[in-house]
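*Asks:* This is the structure I have questions about; it appears just below.
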Amino acid sequence: MNGERNPGVIDRALRLFADVRAGEGVNVVILALNVFTLLTAYYILKPIRDGLILGEEGPEFAAYMSAAMAFLLIPVIAVYGKMADRLPRRRLIGVVTIFFAACCGAFFLAGQGGLEIGIAFFIWIGIFNVMILAQFWGFANDLYTNEEGERLFPIVQVGAAVGGIVGAATVGRMIEPLGLYLPMLLAGALLVLSLLLTNWVDRRERLRTEASVPPRFSTAASPAATGEFRMDTGEFKNLREALREALEKEARGEAVGEEVRDEPVEPEIESGSGAFSLVIGTKYLLMIAILILMLNWVNTNGENLLKFLVTAAAETRIADGASGGLDVKEWSGAFYARFYFWVNVATLVTQLFLVSRIIKYFGVHVAIMILPVIALGAYGLIAALPVLGYARWAKTAENSTDYSLQSTVQQALFLPTTREQKYKAKQVTDAFSKRLGDTLAALTVFVSVTFLGTNIRFFAALNIVLVLIWLAVAYRIGREYRELVRTGRPPV
């Protein structure tokens, strides 16, 4: 239908960066603004997290807390799965977002009241980050087809890149005059704004794709994890395609297949544990879970390596009187604000000018292997020259590629999946697998500190081995993704 319309000003402007077609520009900009607010909130909170945990407990303890996040996510994802079975997508997103916004206010009050919140805040933000973003991308995958998502996700991800820059720059200027706690209220307000944007784009997309759909069939009424319809031909149809075909038959006076019912089809797995069952029982989803586990084991090893170097540098500067009057918490928080700022500048440049072109000309199956190749070079450099300056720029290259190209491609991997897999299984692959990777990184810290001390070269050498495994998994996923898109069938 877009082909029958003339492109608007926004459509034409966005074509500089991606293949945006007539009528698509406004909604993709709203989605980009949505993820912008989420990432701005997160990057306001992230340096505060690092400053609190390093100042109160130290880098080794921070690594061990990652394991706590993984175990806590098991019941959290179970509850989320039950909510997705019962609530329409907009209400589901609203309940989760308001909860996290309220938590920002609670942490502000506790911190201002003199309580040590470093441990609780560190664990909370680790759960908040992965769940809120997995939920957003599940929603974005629900809005677009395979073809639309591959074209438009690079634009949406630009919002994430800009949000990271704005959040890091904002909190960097707020910490010294205002302290670590007041920015939490700004983050909470941004989460509320993101919910308003979600409701706006949801309403616009439903008008575009579901205008003729009876209310009882629409995504406004159907649970987020509603199972897909299968027409009487036995072929897989997503919700949008199935409803359109059923209504066309009804308009022509033809009998609609028995598989199309007056009520939404219930998911095959209704319990909260269904999210984990979906992943374990589906080879494609399981491979994605393994890929994200390996990626985050490598990345968190690198983050822990950097934390050791930052803490040592902060202590040295304070001892030498070169910290500008800042303590370990504040010096570390200021360092990470600058570090995240430059990571996100590189992320934005990559996202604007490279990501859509890489996906268009090389495909998702090639793009998924680029980050592990960069990581090999980064940890090779750190193994050879384990100092803060080199580690900072090696991690900048790794993280900026992760947050731009890798993030876009990872979200595109879910385009061929069912709605149930988008909302429920995505919390497992994006949230639990990520934190399980962090847990393995915590075990790595324990082994290193216990037997080798804080040996930077050990972390770098281990990461080189892990990256080789990660690269092999990425290759297999790329092949499977191409086959799913070619056949138009969901992963089983």
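*Asks:* Kindly indicate whether SER404 is part of a helix (DSSP H, G or I), touching a residue at least 24 places away in the same chain (Cβ under 8 Å), within 30 Å of THR219 (Cα to Cα) and of a type in the set (Gly, Ala, Ser).
*Replies:* Against the criterion (part of a helix (DSSP H, G or I), touching a residue at least 24 places away in the same chain (Cβ under 8 Å), within 30 Å of THR219 (Cα to Cα) and of a type in the set (Gly, Ala, Ser)), SER404 qualifies.
*Asks:* Within the bounds of the range 110-127, is there any residue that is touching a helix residue (DSSP H, G or I) at 6+ places or on another chain (Cβ under 7 Å) and of a type in the set (Asp, Glu)?
*Replies:* Yes: the range 110-127 contains one or more residues that are touching a helix residue (DSSP H, G or I) at 6+ places or on another chain (Cβ under 7 Å) and of a type in the set (Asp, Glu).
*Asks:* Could you identify the single residue in THR311, THR316 that is at negative phi, of a type in the set (S, T, N, Q), out of contact with any helix residue (DSSP H, G or I) (no Cβ under 7 Å at 6 or more places or on another chain) and assigned to a helix (DSSP H, G or I)?
*Replies:* THR316
*Asks:* Report, by residue number, each residue of the range 291-320 that is touching a residue at least 24 places away in the same chain (Cβ under 8 Å) and of a type outside the set (A, V, I, L, M, F, W, C).
*Replies:* Passing the criteria: ASN296, ASN299, THR300, ASN301, GLY302, GLU303, ASN304, LYS307, THR311.
*Asks:* Another one. What is the one condition in (1) surrounded by 17 or more Cβ atoms within 10 Å (Cβ to Cβ); (2) under 29 Å from ALA313 (Cα atoms) that THR350 does not satisfy?
*Replies:* (2)
*Asks:* Oh, and also: Say whether the condition of being surrounded by fewer than 23 Cβ atoms within 10 Å (Cβ to Cβ) and either among the hydrophobic types (A, V, I, L, M, F, W, C) or not in a helix (DSSP H, G or I) (or both) is met by at least one residue in the range 145-158.
*Replies:* Looking through the range 145-158, at least one residue is surrounded by fewer than 23 Cβ atoms within 10 Å (Cβ to Cβ) and either among the hydrophobic types (A, V, I, L, M, F, W, C) or not in a helix (DSSP H, G or I) (or both).
*Asks:* Okay, next question. Answer yes or no as to whether PHE136 is touching a Leu at 6+ places or on another chain (Cβ under 9 Å) and either free of Cβ contacts under 8 Å to residues at least 12 places away in the same chain or over 18 Å from TYR403 (Cβ atoms) (or both).
*Replies:* Against the criterion (touching a Leu at 6+ places or on another chain (Cβ under 9 Å) and either free of Cβ contacts under 8 Å to residues at least 12 places away in the same chain or over 18 Å from TYR403 (Cβ atoms) (or both)), PHE136 does not qualify.
*Asks:* Report, ordered by the first and then the second residue, all pairs with beta carbons closer than 6 Å, sequence separation of six or more or different chains, a first member in the range 437-454 that is not assigned by TED's automatic domain parsing to the domain that holds ASN304, and a second member that is modelled with pLDDT of 85 or more and surrounded by fewer than 22 Cβ atoms within 10 Å (Cβ to Cβ).
*Replies:* none
*Asks:* Another question, if that's okay. Any residue at all in the range 361-374 that is out of contact with any helix residue (DSSP H, G or I) (no Cβ under 8 Å at 6 or more places or on another chain) and assigned to a helix (DSSP H, G or I)?
*Replies:* Yes, there is a match, as at least one residue in the range 361-374 is out of contact with any helix residue (DSSP H, G or I) (no Cβ under 8 Å at 6 or more places or on another chain) and assigned to a helix (DSSP H, G or I).
*Asks:* I need a count of the residues in the range 6-41 that are in contact (Cβ under 8 Å) with a residue 24 or more places away in the chain, closer than 13 Å to ARG151 by Cα and small (Gly, Ala, Ser).
*Replies:* Counting residues in the range 6-41 that are in contact (Cβ under 8 Å) with a residue 24 or more places away in the chain, closer than 13 Å to ARG151 by Cα and small (Gly, Ala, Ser) gives 1.
*Asks:* On to the next question. When you scan the range 384-401, do you find a residue that is surrounded by fewer than 22 Cβ atoms within 10 Å (Cβ to Cβ), among the hydroxyl-bearing types (Ser, Thr, Tyr), under 29 Å from GLY478 (Cα atoms) and assigned by TED's automatic domain parsing to the domain that holds ALA134, even just one?
*Replies:* Looking through the range 384-401, at least one residue is surrounded by fewer than 22 Cβ atoms within 10 Å (Cβ to Cβ), among the hydroxyl-bearing types (Ser, Thr, Tyr), under 29 Å from GLY478 (Cα atoms) and assigned by TED's automatic domain parsing to the domain that holds ALA134.
*Asks:* Okay, next question. For the range 455-472, give me the residue count where each residue is without any contact (Cβ under 8 Å) to a residue 60 or more places away in the chain and farther than 27 Å from GLN410 by Cα.
*Replies:* Total satisfying the criteria: 2.
*Asks:* Oh, and also: Criterion first (in the same structural domain as ASP402 (by TED's automatic domain parsing) and at pLDDT 50 or above) does SER323 satisfy it?
*Replies:* yes
*Asks:* I want to confirm something. Restricting to the range 22-51 and keeping residues that are part of a loop (DSSP other than H, G, I, E, B) and buried (at least 18 other Cβ atoms within 10 Å of the Cβ), which single residue is modelled with the highest pLDDT?
*Replies:* GLU24
*Asks:* Exactly one condition in (1) modelled with pLDDT of 95 or more; (2) more than 30 Å from PHE335 (Cβ to Cβ); (3) out of contact with any helix residue (DSSP H, G or I) (no Cβ under 8 Å at 6 or more places or on another chain) is false for ARG203; which is it?
*Replies:* (1)
*Asks:* Taking the options ALA161, ALA169, ALA134, name whichever one is in contact with a Ser or Thr (Cβ under 9 Å, 6 or more places away or on another chain), at pLDDT below 85 and part of a helix (DSSP H, G or I).
*Replies:* ALA161
Residues checked against (1) under 20 Å from ASN301 (Cα atoms); (2) within 19 Å of the chain's Cα centre (by Cα):
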{"residue": "VAL26", "(1), (2)": "no, no"}
{"residue": "THR40", "(1), (2)": "no, yes"}
{"residue": "LEU45", "(1), (2)": "no, yes"}
{"residue": "MET65", "(1), (2)": "yes, no"}
{"residue": "ILE93", "(1), (2)": "no, yes"}
{"residue": "GLU116", "(1), (2)": "no, no"}
{"residue": "ILE119", "(1), (2)": "yes, no"}
{"residue": "ILE123", "(1), (2)": "yes, yes"}
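The values are calculated or read from the model by the stated rules, or taken from the named source; none is laboratory data. If you're wondering where the values come from, they're calculated on a predicted model, not measured in any experiment. Virtual Cβ from ideal backbone geometry, glycine too; neighbours counted across all protein chains shown.
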